[in-house]
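The structure appears below as structure tokens.
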Amino acid sequence: MLSRVAERVYWLGRYLERIENSARMIGVYGNVLLDLPRPAKLIWESLLATTGSTELFAERYSRADERNVVKFYLADKTNPTSILMSVTQARENARTVREIVPSNTWEGINDLHLYLLDHLDAGLARRGRDEFLTHVINACQFIIGGLDSTMSRDAAYQFLSAGRYIERADMTSRIVDVGLANVFPWVSWMHGGEVPDGSQSPYESVLWMSVLRSLSALQMYRRLVPERVRADEVVTFLLQDRYFPRAVAHCIHAVQESLDALPNDELAVAAALSAVRHVRDADIDAILARERLHEFIDGLQVDFGAVHDAIEQTWFLPRSGRE
Amino acid sequence: MKFSWKNYDPDGFYDELISSPGYPRTAGRTVARHIRSLTPEEIRERQMAAEIAVKTMGITFTVYSQGTNIDRAWPYDIIPRTISGKDWDRVEAGLIQRLTALNHFIDDIYNDQKIFRDGIVPPEMILESSNYREACAGMKPKFGAWAHICGSDLIRDRDGTFYVLEDNLRVPSGVSYMLENRKVTKRVFPELFEEENMRPIGEYTTHLFDTLASLSPRKLDYPEVVVLTPGIYNSAYFEHSYLAQQMGAELVEGSDLFVADDDCVYMRTISGPARVDVIYRRIDDLFLDPEVFEPDSALGVPGLMRAWLKGTVALANAPGAGVADDKAVYTYVPDIIRYYLDEDPIIPNVETWRCSEKAARDHVLKNLDKLVVKPANESGGYGMLIGPAATERERRAFAKRIRSNPRNYVAQPLISLSTCPTVCPGGIEPRHIDLRPFVLQGARHYVTPGGLTRVALVKGSYVVNSSQGGGSKDTWIVD
């Protein structure tokens, strides 16, 4: 398999995952607003923080209100992580590896691109947004389903899969981070900075549920933890659960398994293993008690970066060989 | 109200489907009957269904315009063009004859140059051609084949005779659209395939792979064949990717390949370097190797010519093959066929004047209002003058260009193009078409049954190029 193709398939996986995650997040953030008293501004700002887009957004928009933030995530051509740009990138990548991926993958991505061009305006309006986002998510699931059921588990598949899971691990870790960094202050603000000992704000549960929902994790979490939704349980579940496919531990283990199946994998597998251990062996309760979760997640993201770098260094075209 | 062929009038042109209003040709009977059974509304619906199919199948071509590339849906017309098997067999023999002779010719001019000594073709015309590659002199590719994949453009005059309008021996494109058109027709008119026996075309990529594999310098059951593309922004990228996929070959860009110290070509893979045996290159000669040709080209592979000349890798088409598809060489092809094969040409050329010759040039300049003048080295319908359609001013400007560089121009009478019923905004109307069959030559020959039919969608127009508003049709050879 060509190094260049490996790289494009890997990025195809990352973009597909990013599109679906973005659509889920915007949908959930829009919905959680309906449950909460004003002001909602902080919620939208926390969404920007999740994706590390606060600065980019501030360069282009003066107000982080719903209209601007949704536009930024759906349709902004200057935002490289907007759904429109991710789909465009996924399509370009799929186009260059069209002979590698099953033909219905290309058709599905092409279809999604056409849909986006035709329905962006409807998606920006509040009334049409749900239908629009549902369509985008379904289209991604359709594409992934096609890959899953028709693509040989060859090297191309492993790169695609590694790309998807590393993107997903990254996204889940960001969402947990922001849940903590932004939800708590917001809750404190709601209560004038005082949260009575031992009791939960009525909104804390709502917000953690929205965090879970943005990862489609609420249902699976409920089966595991049938009580009230609590921060420590949610964080442990989203970071360390082995069986939930969006939990960081599961994702990074899946990355490691994909890399294991590739030639000359020593460097990249070592990086993935170190990330797996890092997340799996952590004492989440202790970290939370010491309020070090943000630093811990920063450390995880450094790990993901190291895995990505190892993949790039091992299998992709050398920088000098690129156009 | 169903459609009636009585109201369809090709106006004196040779129509592929109808011999005279109301009377379909034998090969077109099934198609004509089927169209007749549909209402205009149903025909429009089928055309729309086809356009949606083209979109969702992602059949596109790229137009370069004002600095940006636009990916457009491939234009396809639902009414197939039919040709009788008997007519086709003759065309097929003619195409094989032509490519065989052209390959003899190319091999000769880069080696013995007998044809110059025998005075059939003037040497200066070849040696001064912008497509002659000094670097190829002395090379002897396998089977004496330089042009392995050829796309010749054929037209039919008023009496139905096929003529060769031009040969494309460099990087002819369009074959993927021929294959995809058939798939779209199957989606739109599945019932027609039960009633009619048209020759299948789907084997092309198998034959292409066999042809390419036969060129391999190493004797292997599965030599490493790759398709070399300039990349995603090339107008034919869809086709490059399509062919690679169909053949199960790697689609590579220049940066994927390198020539090692052993003068062999390798591709960079995730398991390390892998030796390449045959390169189906879809980039022009001049971009192949910056060490020999354009030094700034990033599309090619440094050292590729060295590897090819040493025989460690095969290139298809061979560098330098384009010297024979020059429109000035075209005029000599009938002589070339007689010279090398001792046979008369089966498919005639269109009468052509070479502006390099004074008598011919005077004739051309005097009759600019009746002639079509083409630059010898351009493709895609660019830079040509259609005399009868041009203004006096345009003709004067063109005359100047001819005088300043006569070698670069040839002229032909405005030959009629046959018509074929086509779905137009106002209903089914005749539109002019041409045909590009694809011919392969390696260890063996192969000709696609039919080819890519291109159609000029504007009433009365002869411009069939998709880059200039042309469309396409499925082509059926009917026995």
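Nothing in this text is a laboratory measurement; each read-out follows from the coordinates by a stated rule. Nothing here was measured: the structure is a model prediction, and the numbers come from that model. Note that we place each Cβ from the backbone using ideal geometry, even for glycine, and neighbour counts take in every protein chain shown.
Some points to look at:
- Shape descriptor for the range B:117-255: Rg over Rh equals 1.03 (Cα atoms; Rh from the Kirkwood inverse mean 1/r).
- Residues of chain B were split at every exposed loop site, defined as chymotrypsin sites (Phe, Trp or Tyr not before Pro) in a DSSP loop with at most 13 other C-beta atoms within 10 angstrom, and the longest piece left, sites excluded, is B:1-232.
- Per-residue [θ]222 nm for chain B (sum of -39500 (n - 2.57) over DSSP H runs n ≥ 4, rounded to 500): -9000 deg cm²/dmol
- Using Cβ point charges alone (K and R +1, D and E -1), the dipole size of the protein assembly as shown about the Cα centre works out to roughly 1920 debye.
- Given 16 as the ceiling on other Cβ atoms within 10 Å, longest exposed-site-free region of chain B for trypsin sites (Lys or Arg not before Pro) in DSSP loops: B:3-157
- Scanning chain A for trypsin sites (Lys or Arg not before Pro) in DSSP loops with at most 14 neighbouring Cβ atoms within 10 Å leaves A:78-152 as the longest stretch between them.
- Equivalent ellipsoid semi-axes, the range B:305-380, via Cα gyration tensor eigenvalues times 5, rooted, Å: 32, 18, 10
- Equivalent-ellipsoid semi-axes for the range A:1-129 (Cα gyration tensor, √(5λ), whole Å, largest first): 30, 15, 12.
- Space enclosed by the convex hull of the alpha-carbon atoms of chain A, per residue, Å³: 139
- Reach of residue B:86 by Cα under 22 Å, taken over lysines that are not fewer than 8 positions away in the same chain: B:473
- Evaluated at q = 0.07, 0.08 Å⁻¹, the base-10 log of the normalised Debye intensity for chain B, with identical point scatterers placed on the Cα atoms, takes the values -0.37, -0.49.
- Only helices enter the 222 nm calculation for chain A: every DSSP H run of n ≥ 4 contributes -39,500 (n - 2.57), and dividing by all residues gives -24000 deg cm²/dmol, rounded to 500.
- Ranked list, fewest to most other Cβ atoms within 10 Å of each Cβ, for A:151, B:178: A:151, B:178
- Sequence of A:45, B:124 once ranked by neighbouring C-beta atoms within 10 Å, starting from the fewest: B:124, A:45
- As computed over the protein assembly as shown, the Cα convex hull volume per residue (Å³): 190
- Along its three principal directions, the equivalent ellipsoid of the range B:259-363 from the Cα gyration tensor extends over semi-axes of 39, 17, 11 Å, largest first.
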